[in-house]
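K.L.:
Got a structure here, written out as structure tokens. Questions coming.
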Amino acid sequence: MDLNYTAEELAFRDEVRKFTKAKLPKDIQRKVLEHRRLEKDDMVRWQDILAKKGWLAGHWPKQFGGQGWSPVQIHIFDEETAALGAPRLVPFGLNMVAPVIMAFGSPWQQEHYLTRIRENKDWWCQGYSEPGAGSDLASLKTRAVREGDHYVVNGQKTWTTLGQYADMIFCLVRTSTEARKQEGISFLLIDMHSPGITVRPIITLDEEHEVNEVFFDNVRVPVQNLVGEEGKGWTYAKYLLGHERTGIAGVGASKRELATLKSIAKKQKRDGKPLIKDPLFAQRIADVELELQALEMTVMRVLANRGKAPGPEASILKIKGTEIQQAITELFMDAMGDYALPFDPEWNTLDGAGDAPGPAYAAPMAARYFNYRKVTIYGGSNEIQRNIIAQMVLGL
Amino acid sequence: MNFSLTEEQQLLADSLARFFERDYTFEKRRAIQGSPEGYGRAAWAQLAEMGILALPLPAAHGGFGGGAGDLLPVMKALGAGLLVEPYLATAILGAGLVARAGTEAQAAAILPGVGEGKTLLAVAHRDADGAPVKATRDGAGWKLDGGKRVVLHGGQATTLVVVAAAEGGAGAFLVDPAAAGVTVRDYRTIDGLRGADIAFAGVRLPADARLGGDADAGAALRAAFDHAIAALCAEAVGVIEQLNTLTLDYIKTRQQFGQPIGRFQVLQHRAVDMFIAAEQAKSMAYLAAMRAEAGDSVAVAGAARYVAKQARQVAKDAIQLHGGMGVTNELPAAHYAKRATMLGFWFAQLV
Ligand SMILES: Cc1cc2nc3c(=O)[nH]c(=O)nc-3n(C[C@H](O)[C@H](O)[C@H](O)COP(=O)(O)OP(=O)(O)OC[C@H]3O[C@@H](n4cnc5c(N)ncnc54)[C@H](O)[C@@H]3O)c2cc1C
């Protein structure tokens with residue numbers, strides 16, 4: 001065992017740092033560090049810069065045009081870019097559907113879709129959840145019926161994150177109602193510009209538009225867009241969920257947020273003294289920081305085990321990572337005191353922030369706290385993650 | 001001790017419950033929230049008509065002289081209905097301060113209008129950073145300078161009560177928000193209410209603007225704030241209980257894995273903890289009402305802290321148990337959760 005970075009890893013870290021410092025557009029960086037709303041263009045611009053460098057899919061194997069980064073390199077990339085205020089990469093194409101296409105897709109799908117994802121040409125979204133199928137995903141009802149060279153899709157997906165921008169959606173659909181419910185599910189890649197698709201916004205409690213309902217009305221999908229075999233979608237979906245959960249730990253971003261929290265807690269005053277001098281508040285920060293340190297090492301241990309798909313251990317990362325994210329947003333909100341109260345979505349931009357009555361950094365904090373309630377719900381709720389560990393690890 | 005409501009108290013609570021069911025629906029409330037005024041005139045008039053606005057006012061000034069015990073069921077109902085109108089700011093805090101610190105003449109000038117729904121009050125208490133409000137002698141009258149922050153319903157008030165350091169101790173001044181030198185910055189708060197930052201630049205006030213003449217108003221301020229905290233504790237209980245009701249209904253009906261999710265024991269235990277939190281918060285609200293009457297500010301502040309903590313935890317659990325539905329602004333649950341979460345910040349303005 002050697003717990004230190006090697007010379008090559010250190011060199012890689014410096015390279016990522018240098019590149020990000022030079023190339024990350026300042027306006028995007030400010031939005032991330034100051035918690036302002038990211039527009040589609042912000043995310044696309046940064047991903048284009050990475051694509052040009054060949055780093056957007058750096059974590060992919062070389063055979064699919066990636067850099068074949070090691071787990072440690074992937075972690076370093078995540079950490080360094082996040083620390084400098086780079087937006088989180090939109091995961092649906094890069095980290096979710098791509099591993100499935102690599103493992104189960106046809107040569108055409110690999111050539112066509114993986115190339116376009118790597119080059120940041122398509123925006124993907126995830127079409128798993130339905131109104132009646134959340135935690136109990138296997139009860140999904142969206143139907144796909146084979147007609148010649150096409151599937152005809154009817155039904156509804158919901159909670160589709162950033163689906164309003166998407167070019168493609170990967171969907172779990174029901175192709176058979178005869179077998180066990182898990183066995184009648186197939187995995188389809190659907191063009192969001194197809195006739196018959198309607199996207200409707202869902203406004204969340206922070207008054208933002210981040211999720212959508214997606215309706216399918218006789219949408220025709222070429223059979224070549226079926227991944228793997230008909231009826232095997234559930235296996236692929238579970239494979240994908242494992243990948244979703246490792247990404248969700250968000251260690252790099254949480255470290256950055258903790259650093260920001262500390263610097264704000266130095267500026268904020270409580271009873272005339274800097275908030276950071278308040279022992280109760282300082283202790284709350286320290287407790288979160290310790291959790292995060294432990295999680296970082298756990299992430300490294302899970303990543304080092306790669307090669308196999310991430311197993312149930314990934315559920316630990318999801319639970320702890322999201323609890324830490326929520327704890328940090330709560331500390332931020334509490335640090336604001338009464339200026340956590342004023343609210344206007346208009347202040348959620350770089351220009352608008354100056355209009356807020358309190359300090360500009362206070363304006364988004366409560367909304368952010370409420371927005372982050374989602375992280376223990378999505379990607380398999382934390383209750384479901386605990387069920388997984390109970391069954392798969394503890395044998396209960 | 002007697003925890004049951006009198007017949008009168010019960011009738012009032014019932015008529016409020018009807019008001020929320022019939023006239024103050026979720027949609028109406030959202031429309032009010034989105035309006036530039038930030039409160040509903042029609043709703044306010046109805047509250048006046050029901051006698052709710054006059055309830056806490058002294059009998060001598062058109063009120064019913066309701067004490068903390070009478071207010072408890074009313075505040076709870078206002079919490080359960082998620083009222084966004086400036087009831088706490090006007091009828092409890094503002095009127096409570098005028099009644100306690102004001103002269104008979106001042107009380108007679110202000111309070112009847114409160115009961116009738118014509119006068120809206122807000123108490124500007126917390127000083128802006130680096131600009132505490134100071135009152136200096138200006139001939140026979142006073143001059144105000146400085147700023148106040150996050151004043152509950154400061155932008156809706158027809159009369160502001162501004163707390164300021166002055167000769168002789170703490171002063172509370174009646175200020176017309178339209179007076180020269182007053183700038184009111186009104187804004188939404190994330191829990192559906194309104195706040196305001198208010199600046200005073202050489203605002204000239206007549207001699208009788210100071211409540212109670214030149215005496216120190218410290219004790220009256222404390223008592224008015226303590227009663228407001230007790231009332232807000234009761235309102236919080238209404239919010240928590242309603243959020244629990246919504247959550248319980250949801251987990252009893254939402255089906256996953258072929259059964260209502262409320263069958264899962266881990267959710268049952270959460271629901272039980274939420275229920276216990278509500279019961280404990282309710283007990284604390286009673287305690288706060290009693291201790292406010294007794295002038296025990298420390299106990300009242302403790303109650304505020306306790307109730308706020310329960311409210312925030314219940315809000316977290318309620319959202320989690322609703323799954324994705326918990327984060328949509330389309331469902332009332334999210335609005336209750338926001339109100340419950342932010343209560344602690346409002347309490348902090350009062351202690
Ligand atoms: C902001 C946001 C973005 C999302 N983005 C996407 C997306 O892009 N694509 C997509 O497909 N989906 C997305 N989702 C959906 C997400 O995956 C689901 O919300 C999640 O799976 C939970 O399902 P549900 O909302 O139906 O809640 P439910 O499944 O109804 O759960 C409600 C509550 O019951 C609990 N529960 C359910 N079953 C059990 C059990 N067996 N044991 C114990 N507790 C249980 C849950 O943990 C939760 O607390 C998103 C959700 C949110 C909130």
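K.L.:
Using the count of nearby Cβ atoms within 10 Å as a rough guide to exposure, how do B:24, B:286 rank from fewest to most?
P.N.:
Least crowded to most crowded, the residues run B:286, B:24.
K.L.:
Taking 21 Å as the cut-off for C-alpha to C-alpha distance, list the pairs among A:320/B:316; A:121/A:318; A:62/A:121; B:118/B:148; A:141/A:232 that go past it. Before the final figure, lay out each step's value.
P.N.:
Numbers: A:320/B:316 16 Å; A:121/A:318 29 Å; A:62/A:121 19 Å; B:118/B:148 24 Å; A:141/A:232 16 Å.
Violating the 21 Å Cα-Cα cut-off are A:121/A:318; B:118/B:148.
K.L.:
Can I ask one more? Looking at B:80, B:97, B:60, which one has the Cα that reaches farthest to the positive end of the dipole of region B:7-116 (charges on Cβ: Lys, Arg +1; Asp, Glu -1)?
P.N.:
In region B:7-116, that residue is B:80.
K.L.:
Now for a different question. Please get the size of the charge dipole for chain A, origin at its Cα centre, with Cβ charges of +1 on Lys and Arg and -1 on Asp and Glu, quoted in debye to the nearest 20.
P.N.:
Values: 50 positive and 51 negative charges, 125 e Å.
Charge dipole of chain A: 600 debye, to the nearest 20.
K.L.:
Another one. For a quick check: with amide H placed at 1.01 Å from N, whose amide H comes under 5 Å from residue B:190's, ignoring anything fewer than 5 positions away on the same chain?
P.N.:
A:343
K.L.:
What does the net charge come to around residue B:10 if you take all other residues with beta carbon closer than 14 Å to its beta carbon, with K and R at +1 and D and E at -1? Don't jump to the answer; show the numbers that get you there.
P.N.:
Working: positive: B:18, B:76; negative: B:7, B:8, B:14, B:70.
For residues surrounding residue B:10, the net value is -2.
K.L.:
At R0 = 45 Å, how high is the FRET efficiency between residue B:116 and residue A:351 if r is their beta carbon distance? Nearest 0.05 is fine. Numbers along the way, then the final one.
P.N.:
On the way: r = 44 Å, r/R0 = 0.98.
In this case the efficiency is close to 0.55.
K.L.:
Please give the length that would be gained between residue A:34 and residue A:203 if that part of the chain were fully extended, namely 0.36 nm times their separation in residues minus their C-alpha to C-alpha distance (nm, one decimal). List each step's numbers first, then the result.
P.N.:
On the way: separation 169, 0.36 × 169 = 60.84 nm, distance 2.22 nm.
Stretched fully, the residue A:34-residue A:203 segment lengthens by 58.6 nm.
K.L.:
Further question: Whole number please: convex hull volume per residue, Cα atoms of region B:182-328, in Å³. Walk me through the numbers on the way to the answer.
P.N.:
On the way: hull volume 18.3 nm³, N = 147.
About 125 Å³ per residue, rounded to a whole number.
K.L.:
In addition: Which residue, B:238, B:219, B:326, has the largest displacement toward the positive end of the dipole of region B:219-350 when charges sit on each Cβ (Lys, Arg +1; Asp, Glu -1)?
P.N.:
Looking along the dipole axis, the top candidate is B:326.
K.L.:
Still on this model: Treating only the Cβ of Lys, Arg, Asp and Glu as charged (+1, +1, -1, -1), what charge dipole size does region A:244-392 show about its Cα centre? Round to the nearest 20 debye. Walk me through the intermediate numbers first.
P.N.:
Values: 20 positive and 18 negative charges, 113 e Å.
So the magnitude is around 540 debye.
K.L.:
Something else: Using alpha carbons only, how many angstrom separate the centre of region B:149-174 from the centre of region A:336-396?
P.N.:
34
K.L.:
Would you mind calculating the gained length between residue A:74 and residue A:62 on full extension (0.36 nm times residue separation, minus the Cα-Cα distance), in nm to one decimal?
P.N.:
Numbers: separation 12, 0.36 × 12 = 4.32 nm, distance 1.39 nm.
Between residue A:74 and residue A:62, full extension yields 2.9 nm more.
K.L.:
So what's the Cα pair-distance distribution over chain B, bin width 10 Å, in %?
P.N.:
The calculated distribution, bin by bin, is 6, 25, 33, 23, 9, 3, 1, 0.
K.L.:
Long-range amide H contacts for residue B:158: which residues qualify at under 5 Å (H placed 1.01 Å from N, peptide plane, sequence gap of 5 or more or a different chain)?
P.N.:
Counting only residues 5 or more places away or on other chains, the set is B:120, B:121.
K.L.:
Can I ask one more? Can you compute 3J(HN,Hα) from phi for each residue in region A:200-205, using the Karplus curve 6.51 cos²θ - 1.76 cosθ + 1.60 with θ = phi - 60°, rounded to whole Hz and x for Gly and Pro?
P.N.:
Each residue's phi maps through the Karplus curve to give 10, x, 10, 8, 8, 5 Hz.
K.L.:
To the nearest 10 degrees, how steep is helix B:218-253 against the longest Cα principal axis of chain B, on a 0 to 90 scale?
P.N.:
That works out to roughly 20 degrees.
K.L.:
When Rg is the radius of gyration of the Cα atoms in region B:121-216 and Rh is its Kirkwood radius, what does Rg/Rh come to? Can you show the working numbers first?
P.N.:
Working: Rg = 12.6 Å, Rh = 13.1 Å.
My calculation of the ratio gives 0.97.
K.L.:
Under a GNM of chain A (C-alpha, springs under 10 Å), which listed residue has the highest mean-square fluctuation: A:111, A:208, A:178?
P.N.:
A:178
K.L.:
Quick check on the protein assembly as shown: of the DSSP beta bridges with both residues there, what percent are antiparallel, nearest 5%?
P.N.:
If I count the DSSP bridges inside the protein assembly as shown, around 85 percent turn out antiparallel.
K.L.:
Have a look at region A:244-392 and give its Rg and Dmax from the Cα atoms, expressed in angstrom.
P.N.:
Every Cα atom of region A:244-392 included, Rg and Dmax give 17.3, 54 Å.
K.L.:
Which semi-axis lengths, in whole Å and largest first, follow from the square roots of five times the eigenvalues of the Cα gyration tensor of the protein assembly as shown? If you can, show how the numbers build up before the last one.
P.N.:
Numbers: eigenvalues 556, 170, 100 Å².
Ellipsoid semi-axes (Å, largest first): 53, 29, 22.
K.L.:
May I ask you to derive the FRET efficiency for residue B:305 and residue B:266 from their Cβ-Cβ distance with R0 = 35 Å, giving the value to the nearest 0.05?
P.N.:
Details: r = 28 Å, r/R0 = 0.81.
That gives a FRET efficiency of 0.80.
K.L.:
Next question. Neighbouring Cβ atoms within 10 Å as the yardstick, rank B:233, A:125 fewest first.
P.N.:
Values: B:233 32, A:125 28.
In order of increasing Cβ crowding within 10 Å: A:125, B:233.
K.L.:
Sticking with this one: At 0.36 nm per residue, minus the direct Cα-Cα distance, what do residue A:7 and residue A:146 gain on full extension? Give it in nm, one decimal, please. Could the numbers behind the result be given before it?
P.N.:
On the way: separation 139, 0.36 × 139 = 50.04 nm, distance 5.49 nm.
Contour length minus the Cα-Cα distance gives 44.6 nm.
K.L.:
Would you mind telling me which residue in B:229, B:251, B:110 has the biggest mean-square fluctuation in a Gaussian network model of chain B, where springs connect alpha carbons within a distance under 10 angstrom?
P.N.:
B:251
K.L.:
So which residue, out of B:318, B:108, B:179, gets the largest mean-square fluctuation from a GNM of chain B using Cα contacts under 10 Å as springs?
P.N.:
B:179
K.L.:
Helix-only mean residue ellipticity at 222 nm, the protein assembly as shown, DSSP H runs n ≥ 4 weighted -39,500 (n - 2.57), per residue, nearest 500. What is it? Working shown, then result.
P.N.:
On the way: 22 runs with 337 residues, N = 747.
Mean residue ellipticity, 222 nm, calculated: -15000 deg cm²/dmol.
K.L.:
Skipping prolines and chain starts, which residues have an amide H placed within reach, meaning under 5 Å, of the one on residue B:124, given they are 5 or more residues away or on another chain?
P.N.:
So residue B:124 has HN proximity to B:161, B:162, B:163.
K.L.:
Using the Karplus curve 6.51 cos²θ - 1.76 cosθ + 1.60 with θ = phi - 60°, work out ³J(HN,Hα) for each residue of region A:109-123 in order, rounded to whole Hz, and write x for Gly and Pro.
P.N.:
Per-residue couplings from phi come out as 4, 5, 5, 6, 6, 5, 4, 5, 5, 4, 8, 6, 8, 10, 9 Hz.
K.L.:
Could you tell me which of B:290, B:25, A:129 has its Cα farthest along the dipole of the protein assembly as shown towards the positive end, charges placed at Cβ (Lys, Arg +1; Asp, Glu -1), taken about the Cα centre?
P.N.:
Of the options given, the answer is A:129.
K.L.:
While we're looking at this one, here's another question. What angle, in degrees between 0 and 90 and rounded to the nearest 10, separates the Cα long axis of helix B:332-350 from the longest principal axis of the Cα atoms of chain B?
P.N.:
40
K.L.:
If you don't mind, there's one more thing I want to ask. To the nearest 20 debye, what charge dipole does region A:7-89 have about its Cα centre, counting +1 at the Cβ of each Lys and Arg and -1 at the Cβ of each Asp and Glu?
P.N.:
Details: 16 positive and 13 negative charges, 65 e Å.
With Lys and Arg at +1 and Asp and Glu at -1, about 320 debye.
K.L.:
Report, ordered by chain and residue number, the aspartates and glutamates lying within cross-link reach of residue A:277, taken as a straight Cα distance under 17 Å and ignoring same-chain residues fewer than 8 apart.
P.N.:
Hits, sequence-local ones excluded: A:287, A:289, A:334.
K.L.:
At 7 Å along the Cα-to-beta-carbon direction for both residue A:41 and residue A:116, put a label point, then send me their distance in nm to one decimal.
P.N.:
Going by the 7 Å Cα→Cβ label model, 2.4 nm.
K.L.:
Assign one of three labels to region B:7-116, namely rounded, prolate or oblate, based on the Cα gyration tensor with a ≥ b ≥ c the square roots of its eigenvalues; rounded applies when a/c is under 1.5, prolate when it is not and a/b is larger than b/c, and oblate otherwise. Before the final figure, lay out the partial values.
P.N.:
Working: a/c = 2.28, a/b = 1.44, b/c = 1.59.
Here region B:7-116 falls in the oblate category.
K.L.:
Give me the net charge of residue A:350's neighbourhood, meaning all other residues with Cβ under 15 Å from the Cβ of residue A:350; Lys, Arg count +1, Asp, Glu -1. Spell out each step's value before the answer.
P.N.:
On the way: positive: A:26, A:30, A:31, A:36, A:37, A:45; negative: A:27, A:34, A:39, A:41, A:42, A:344, A:346, A:351, A:355.
Surrounding charge for residue A:350 is -3.
K.L.:
Next question, about the same structure. Please give every one of the lysines within straight-line cross-link reach of residue A:21, meaning a C-alpha to C-alpha distance under 18 Å, and leave out same-chain neighbours fewer than 8 residues apart.
P.N.:
Straight-distance partners of residue A:21: A:31, A:52, A:53, A:255.
K.L.:
Further question: In whole Hz, with x marking every Gly and Pro, tabulate ³J(HN,Hα) for region A:64-70 from phi via Karplus 6.51 cos²θ - 1.76 cosθ + 1.60, θ = phi - 60°.
P.N.:
Rounded to whole hertz, the list is 9, x, x, 9, x, 4, 6.
K.L.:
Please compute the modelled spin-label separation between residue A:108 and residue A:17, points set 7 Å along Cα→Cβ, answer in nm with one decimal.
P.N.:
4.8
Read the figures in this text as sums done on the coordinates, not as results from a lab. What you see is a predicted model; the values in this text were computed from it and never measured. Virtual Cβ from ideal backbone geometry, glycine too; neighbours counted across all protein chains shown.
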